[in-house]
Amino acid sequence: MQEPARIVVPPQSGRAIRVKRGDLIRVIDPRGQQVSDLWAFSTDGKLDWLSTSQTRDIVERLFPKSGEHFYSAAGKIMLTLVEDASPGPHDMLYPACDNALYERAGLPNHPNCRDNLMTALAGEGIELPFAPDPVDLFQNSLPQPDGTLVVEASINPPGGYVTLRAEQDLLLVVTACSVDHHPTNGDACTEIEVEISSAA
Ligand SMILES: [Zn+2]
């Protein structure tokens, strides 16, 4: 069997990755406690993208469980969560961290997942007027019983990962989240690794 292609997403950055239908995508947190934002786009024909709100509605959960799907804005199946080899939780309620978030924290010109998404897409010749909300892998921000939303330090151990299967040809963008003024990513922002096992 062919060795999987390995892409390293350095700390506080993002990478665009094209995958084919049937490919397996493993998103790995080598050092632990590192949130990884994931986006998926269908770029042949009409632009479509992974929609966290459609996914919540269709799977009737805050996050799919193994065997369930991530859906697009048009309600199409984009990805299947094949395996969750992390303790979770994962998040589908938050937007990407962006420049405004860091400015509110007194940190202007800080790296952020939104800019890293847009830069990765620009490298693929795609310009979007908005950023879809990402899937925040390994983000520990489950709603509290009283409805409060708090982002706590990720509990993902070193090597924790999820495996997804592409159900269409997709352009993925994966970031290693940039938050370093809050315990979201533990003590330090670290890299994310992505392994692609080709279906072919
Ligand atoms: Zn982020």
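The values are calculated or read from the model by the stated rules, or taken from the named source; none is laboratory data. This one's a predicted model, so the numbers in the text were calculated from it and none came from an experiment. Backbone-built Cβ (ideal geometry, glycine too); neighbour counts: all protein chains shown. Side chains are part of the model used for accessible areas, which takes the heavy atoms of the whole protein and leaves out ligands, DNA and RNA. Shrake-Rupley method; radii C 1.70, N 1.55, O 1.52, S 1.80 Å.
Just a few scattered comments:
- Taking each residue as 0.36 nm, the span from residue 100 to residue 76 lengthens on full extension beyond its C-alpha to C-alpha distance by 5.5 nm.
- Those trypsin sites (Lys or Arg not before Pro) in the stretch 1-92 that DSSP places in a loop and that have at most 14 other beta carbons within 10 Å: 20, 21, 46, 61, 65
- Relative to the dominant Cα principal axis of the chain, helix 113-122 is inclined by about 30°.
- An ellipsoid equivalent to the stretch 5-98, defined through the eigenvalues of its Cα gyration tensor, has semi-axes of 21, 17, 14 Å when rounded to whole angstrom and sorted largest first.
- Protein accessible area in the chain, 1.4 Å probe - carbon and sulfur %: 49 percent
- Across the chain, the longest run free of exposed loop sites, meaning GluC sites (Glu not before Pro) lying outside DSSP classes H, G, I, E and B with no more than 11 other Cβ atoms within 10 Å, spans 128-200.
- Residues of the chain: accessible area per residue with a 1.4 Å probe, Å²: 47 Å²
- Distance from the C-alpha centroid of the stretch 158-184 to that of the stretch 5-38: 5 Å, rounded to the whole angstrom.
- q = 0.08, 0.14, 0.16, 0.18 Å⁻¹, the stretch 5-197: log10 I(q)/I(0) [Debye, one scatterer per Cα]: -0.22, -0.72, -0.97, -1.27
- For the stretch 83-148, the Cα gyration tensor yields ellipsoid semi-axes of 25, 18, 11 Å (square root of five times each eigenvalue, largest first, whole Å).
- The stretch 149-200: radius of gyration over Cα atoms, expressed as a fraction of 2.2 N^0.38 Å: 1.43
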